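So the structure is just underneath, and the comments pick up after that.
The values are calculated or read from the model by the stated rules, or taken from the named source; none is laboratory data. These figures come from a predicted structure and were not determined experimentally. Neighbour counts run over all protein chains shown; Cβ positions are idealised from the backbone, glycine included. Ligands, DNA and RNA are excluded from the accessible area calculation, which covers all protein heavy atoms including side chains. Shrake-Rupley method; radii C 1.70, N 1.55, O 1.52, S 1.80 Å.
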Amino acid sequence: MAAMFKLACVVVACMVVLAPYPADGAISCGTVQYQMAPCLGYLLGGALQPGCCAGVKSLLGSAQTTPDRQAACRCLKGAAGSISGINFANAASLPSKCGVNIPYKISPSTDCTKVK
């Protein structure tokens with residue numbers, strides 16, 4: 001029960017931190033947060049949850065244009081830099097574990113302007 005409470009607190013903190021980030025594309029950070037929320041436990045070093053890959057695939061399907069992909073990248077980059085404890089090896093393996101190709105790394109050092 002305590003673990004679920006901690007996870008809920010991290011998700012809420014992520015939403016609060018990312019809410020002010022503007023997105024030039026049609027995808028909002030709120031949408032990115034919602035779709036990626038099931039992955040947070042995995043990104044913090046836990047097990048991959050069933051809803052995570054569905055969220056990753058949904059996000060990838062939503063980001064069809066360059067501005068959309070860049071907006072999603074900026075949201076993920078902001079989250080990667082603001083949530084302490086992110087396991088970047090897990091973040092790097094997430095696309096392959098979900099059977100998709102994301103055109104950038106989930107990292108605070110990603111240059112989202114180069115995402116096409």
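What tally of residues in region 42-82 results from selecting those that are open to solvent by less than 30 Å² (accessible area, probe 1.4 Å), assigned to a helix (DSSP H, G or I) and closer than 20 Å to GLY30 by Cβ?
Matching residues across region 42-82 total 14.
Looking at the structure I just gave you, is ALA79 small (Gly, Ala, Ser), in contact (Cβ under 8 Å) with a residue 40 or more places away in the chain and touching a Leu at 6+ places or on another chain (Cβ under 8 Å)?
The answer is yes for ALA79.
What's the total number of residues in region 83-102 that are part of a helix (DSSP H, G or I) and either open to solvent by 50 Å² or more (accessible area, probe 1.4 Å) or among the hydrophobic types (A, V, I, L, M, F, W, C) (or both)?
The total comes to 8.
Kindly indicate whether any position in region 16-27 is part of a helix (DSSP H, G or I) and modelled with pLDDT of 90 or more.
There is no residue in region 16-27 that is part of a helix (DSSP H, G or I) and modelled with pLDDT of 90 or more.
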